[in-house]
Amino acid sequence: MEEIWKPISDYEGLYEVSNLGGIRSLFRYKKVLKWNVSGHGYASVQLFKNKIGKRLLVHRIVASTFIRKPKKGEQVNHIDENKLNLHNV
């Protein structure tokens, strides 16, 4: 599968997300960020904008960028139920 990168909504010019679940910063170098695993077992990253950090779940970023933005209260499920497998969101 070919990796496709797109800007992250609300973080355009700062970060990009790939269809394979990679998150990269666009500061100086295009550095791919390491995921943290939340207490619930989901991959998350901390993104900064105007010196304010926000922790976001990677599967929700991928879904909102490549599928559509989930509505409030709507869930994004993993087809294979593996919370860290972002190929099957």
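Using 19 Å as the cut-off for backbone N distance, which residues of the stretch 3-17 belong to the label zone defined by a point 7 Å from the Cα of N50 along Cα→Cβ? Of the residues in the stretch 3-17, 8-15 have backbone N under 19 Å from the label point off N50. If you take the square roots of the eigenvalues of the alpha-carbon gyration tensor of the stretch 1-61 and sort them as a ≥ b ≥ c, do you get rounded (a/c under 1.5), prolate (a/b over b/c) or oblate? Here the stretch 1-61 falls in the oblate category. Each peptide in 41-51, 7-17, 27-37 gets a packing score, the mean of other Cβ atoms within 10 Å over its residues, and the list from highest to lowest is 7-17, 41-51, 27-37. Extension gain for the segment E3 to F66, taken as residue separation times 0.36 nm less the Cα-Cα distance, is 21.5 nm to one decimal.
Just so you know, all these numbers are worked out from the coordinates, no wet-lab data involved. This is a predicted model, so every value here is computed, not measured. All Cβ positions, glycine included, derive from the backbone under ideal geometry; neighbour counts span all protein chains shown.
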